[in-house]
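Chemist: So that we are looking at the same thing, I have put the structure below in structure tokens.
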Amino acid sequence: MKFCSPEGRTLPLSIGFAARPKSLEGLRIGLLDNTKAPVDKMMQHITKRLREKHPGIEIFSTSKKVASLPAAPEIMQGLRLNCDIVINALGD
Amino acid sequence: MLLISTSFTGLARGQAKNLGMPDMPTVVLPHPLGGTPLDTVLAKVDKQFDEIIAKLTTPLKPAVAGQGKIITTSEWVEIESADEWGGLQREFMARGWGDGLPLVPPTEARVAAMVRGAGLPAEQVVGVMAPKMGVATVELIAANAVMAGCIPQHMPVLVAAVQALVEPQFNLYGCQATTHCVAPLLIVSGPLAQALNINSGSGCFGPGPWANGVIGRAIRLILINIGGAHPGEIDKATMGHPGKFSYCIAEDETSVAWPSLRVERGFGGETSAVTVVGAEAPHNINDHEATSAGGLITTICGTMAESGQNTVYYTGEPLLVLGPEHAQTIAADGFSKDDMKKAVYDDARIPLTRFSPEIIERRLYRRHDIRYKNRGPGVMVTVAQRWEDVMVIVAGGPGKHSMFVPTFGATRSVTRPILKADGTPWLPAELKGS
């Protein structure tokens with residue numbers, strides 16, 4: 001017997017990634033804090049460790065306003081303009 | 001690259017896939033991170049630090065060329081089962097289509113009848129539903145409505161509710177994936193509520209021989225099946241609440257002469273409307289003794305002044321559902337609905353001492369610096385950021401009870417009129433037979 005799938009058939013998006021760098025040396029690294037505890041302190045720690053390993057990097061830290069809402073367009077634009085790569089932390 | 005904890009890997013990877021990035025690099029830290037001593041968290045980071053560097057610098061395999069747009073189409077599946085209920089139910093559940101309760105099989109005839117109830121083309125797109133970004137066509141909404149036990153006359157309400165859910169200010173993405181227990185509460189206002197037998201009276205939040213149960217359930221199935229919020233996988237609610245099965249009431253527009261919710265939102269007369277509210281479970285407010293507005297407001301605000309609710313931290317809209325007898329007592333003392341909202345804003349306040357030091361620092365001071373910081377431990381915290389954000393409606397039957405419904409905070413309620421394809425309101429006479 002035939003039934004209508006309540007999910008339908010979805011063909012998802014397919015998006016390519018930017019090329020990965022071979023090394024982080026000299027890069028501008030973005031850190032996006034989603035405001036969940038203790039992401040801010042994790043990010044500070046990661047910054048410290050990254051700087052120890054790669055003294056030439058630049059860090060661009062930013063934060064969402066509320067974890068449950070998307071990052072504001074100006075935040076995304078700031079990351080686009082100021083960063084070569086971005087680490088985005090999620091979760092609880 | 002995503003840095004995530006073990007309990008959220010399914011959500012993070014599922015979302016990356018939904019958004020067209022199935023190969024998004026991830027580094028997974030052992031859960032939990034929040035509520036954990038900082039040195040423990042940082043030790044977890046240190047253990048994975050080399051992996052973080054490696055994931056940032058390892059070449060990725062080229063993305064599979066694909067389309068830049070999500071497409072959902074209807075799909076008809078053949079399922080053979082000699083046992084129409086037991087066997088079919090097991091098959092539906094195995095496909096992840098259900099909410100754990102028996103489902104009405106979505107046959108061609110039933111789905112077609114449901115589509116006709118909407119008065120719209122089967123392929124018409126009503127909205128794109130996060131987090132799967134599934135495209136809710138009329139036919140897909142109809143299939144879920146069949147499975148929930150709806151009748152075709154319910155379709156106009158469901159279509160309007162989906163239109164409301166996908167409005168950006170509702171933040172469906174957040175509501176669907178959060179650890180918070182949020183579920184959309186549907187509040188149906190206007191002449192269609194009675195015509196469709198949607199209960200605004202005794203036991204309106206509970207079971208009974210009316211349409212509340214199946215309409216609310218259809219929305220939940222739509223959220224799971226089209227929106228992709230499969231419980232435990234993408235829907236990461238720590239516990240959820242019973243309203244995630246079904247959460248729909250009608251508004252009592254006659255017990256007091258206050259503007260109803262639909263009228264406040266600009267829809268009066270023949271135009272019925274549905275409002276979606278990202279809501280927690282209702283919390284009862286019992287006051288059988290007060291004979292004045294002042295007394296009732298004291299009890300109501302005392303109940304609403306809870307420190308763990310999201311609206312305190314964010315910018316949401318706490319909902320007060322006044323029982324008609326409470327509402328009449330308050331209105332008889334000369335209170336308008338706006339007066340009631342102001343009373344809640346002014347009186348439902350929580351001492352700062354009722355919050356953990358971490359909440360005070362991270363959520364109250366950081367987000368609401370001017371209001372609370374440097375004002376001493378005696379400062380009182382409001383349950384909404386503005387009095388206009390407090391929502392008040394009337395519902396329920398005889399008795400001296402009201403309900404406080406805390407909300408998700410990172411969401412705004414949305415009201416949509418229940419309209420036909422030509423933009424005119426659906427009228428009760430057009431929805432007979434319910």
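Chemist: Any idea how many residues of segment A:68-92 are surrounded by 14 or more Cβ atoms within 10 Å (Cβ to Cβ) and either more than 8 Å from chain B (Cβ to nearest Cβ) or over 22 Å from B:LEU19 (Cα atoms) (or both)?
Modeler: Here the count works out to 8.
Chemist: Which residues, counting only those in segment A:1-57, are modelled with pLDDT of 85 or more, at the interface with chain B (Cβ under 7 Å from one of its Cβ atoms) and part of a loop (DSSP other than H, G, I, E, B)?
Modeler: A:MET1, A:SER5, A:PRO6, A:GLU7, A:GLY8, A:ARG20, A:PRO21, A:LYS22, A:SER23, A:LEU24
Chemist: Continuing with the same structure: Out of all the residues in segment B:385-400, which are within 14 Å of B:ASP347 (Cα to Cα) and in contact with a strand residue (DSSP E or B) (Cβ under 9 Å, 6 or more places away or on another chain)? Step through it out loud before you land on a result.
Modeler: Keep residues of segment B:385-400 that are within 14 Å of B:ASP347 (Cα to Cα), which gives B:385-387, B:390.
Within segment B:385-400, B:VAL390 is the sole residue that qualifies.
Chemist: Sort through B:GLY20, B:GLY14 and tell me the only one that's at the interface with chain A (Cβ under 9 Å from one of its Cβ atoms), closer than 25 Å to B:VAL126 by Cα and touching a residue at least 24 places away in the same chain (Cβ under 8 Å).
Modeler: The unique qualifying residue is B:GLY20.
Chemist: Out of the residues in segment A:68-92 meeting the condition of being part of a loop (DSSP other than H, G, I, E, B) and in contact with a helix residue (DSSP H, G or I) (Cβ under 9 Å, 6 or more places away or on another chain), tell me which one is modelled with the lowest pLDDT.
Modeler: Of all residues in segment A:68-92, those part of a loop (DSSP other than H, G, I, E, B) come to A:68-72, A:83-84, A:90-92.
Those still in the list that are in contact with a helix residue (DSSP H, G or I) (Cβ under 9 Å, 6 or more places away or on another chain) too: A:68-71, A:90-92.
Values: A:SER68: 84, A:LEU69: 86, A:PRO70: 85, A:ALA71: 90, A:LEU90: 66, A:GLY91: 58, A:ASP92: 67.
Among those residues, the one meeting the criterion is A:GLY91.
Chemist: On the basis of being more than 20 Å from B:SER189 (Cβ to Cβ) and either outside the structural domain of B:GLN309 (by TED's automatic domain parsing) or in a loop (DSSP other than H, G, I, E, B) (or both), does B:GLY423 make the cut?
Modeler: No; evaluated as a whole, the condition is false for this residue.
Chemist: Let me ask you something else. Just checking, how many residues over segment B:316-372 are under 24 Å from A:LYS65 (Cα atoms) and not charged (D, E, K, R)?
Modeler: 16
Chemist: Further question on the same structure: Of the residues in segment B:242-280, how many are over 22 Å from B:PRO428 (Cα atoms) and either in contact with a Cys (Cβ under 8 Å, 6 or more places away or on another chain) or of a type in the set (Gly, Ala, Ser) (or both)?
Modeler: Number satisfying all stated conditions: 7.
Chemist: Please give the number of the condition B:VAL162 fails out of (1) touching a strand residue (DSSP E or B) at 6+ places or on another chain (Cβ under 8 Å); (2) within 14 Å of chain A (Cβ to nearest Cβ); (3) under 29 Å from B:SER255 (Cβ atoms).
Modeler: It fails just one condition, (3).
Chemist: Right, something else. Quick one: B:GLY117 ticks every box in (1) closer than 30 Å to B:ASP422 by Cβ; (2) facing chain A (nearest Cβ under 8 Å); (3) under 25 Å from the mean Cα position of the chain (by Cα) except a single one, so which number is it?
Modeler: That leaves (2) as the condition not met.
Chemist: Got a sec? Which strands (runs of 3 or more DSSP E) wholly within segment B:98-207 have at least 2 residues that are over 30 Å from B:GLY396 (Cβ atoms), touching a residue at least 40 places away in the same chain (Cβ under 8 Å) and among the small types (Gly, Ala, Ser)?
Modeler: The strands (runs of 3 or more DSSP E) meeting that bar are B:134-137.
Chemist: Only one of B:SER202, B:SER189 is of a type in the set (Ser, Thr, Tyr) and surrounded by fewer than 19 Cβ atoms within 10 Å (Cβ to Cβ). Can you tell me which?
Modeler: B:SER202
Chemist: Test of understanding: among B:LEU120, B:LEU103, which residue is closer than 20 Å to B:GLY228 by Cα and not acidic (Asp, Glu)?
Modeler: B:LEU103
Chemist: Residues being closer than 30 Å to B:GLY35 by Cα and in contact with a Ser or Thr (Cβ under 8 Å, 6 or more places away or on another chain): count how many of those fall in segment B:321-358. Please lay out each step first, then the result.
Modeler: In the first step, residues of segment B:321-358 are kept if they are closer than 30 Å to B:GLY35 by Cα; the result is B:348-358.
Checking which are in contact with a Ser or Thr (Cβ under 8 Å, 6 or more places away or on another chain) leaves us with B:348-350, B:354-355.
Looking only at that region, the number is 5.
Chemist: Say we look at segment B:97-114 and pick out the residues that are of a type in the set (A, V, I, L, M), farther than 27 Å from B:ALA177 by Cα and in contact with a helix residue (DSSP H, G or I) (Cβ under 9 Å, 6 or more places away or on another chain); which of these is farthest from the other protein chains (Cβ to nearest Cβ)? Break it down stepwise before answering.
Modeler: First, pick out the residues of segment B:97-114 that are of a type in the set (A, V, I, L, M): B:101, B:103-104, B:109, B:111-114.
Of the ones still in play, those that are also farther than 27 Å from B:ALA177 by Cα are B:109, B:111-114.
Now drop any that are not in contact with a helix residue (DSSP H, G or I) (Cβ under 9 Å, 6 or more places away or on another chain), which leaves B:111-114.
Numbers: B:VAL111: 5, B:ALA112: 9, B:ALA113: 12, B:MET114: 10 Å.
Here the residue is B:ALA113.
Chemist: Restricting the first residue to segment B:39-58 and requiring it to be facing chain A (nearest Cβ under 7 Å), which pairs with a second residue that is part of a helix (DSSP H, G or I) meet a Cβ separation below 6 Å and a spacing of at least six or different chains?
Modeler: Cβ pairs passing all conditions: B:LEU42/A:HIS45; B:VAL45/A:MET42; B:VAL45/A:HIS45; B:PHE49/A:ARG49.
Chemist: All but one of (1) more than 7 Å from chain A (Cβ to nearest Cβ); (2) buried (at least 16 other Cβ atoms within 10 Å of the Cβ); (3) β-branched (Val, Ile, Thr) hold for B:ILE4; which doesn't?
Modeler: (1)
Chemist: Oh, and also: On the basis of being under 24 Å from B:GLY14 (Cβ atoms), out of contact with any Asp or Glu (no Cβ under 8 Å at 6 or more places or on another chain) and free of Cβ contacts under 8 Å to residues at least 40 places away in the same chain, does A:LEU81 make the cut?
Modeler: In short, no.
The values are calculated or read from the model by the stated rules, or taken from the named source; none is laboratory data. In this text the structure is predicted, and so the values were computed from the model without any measurement. Don't worry about glycine lacking a Cβ; one is built from the backbone with ideal geometry, like all the others, and counts go over all protein chains shown.
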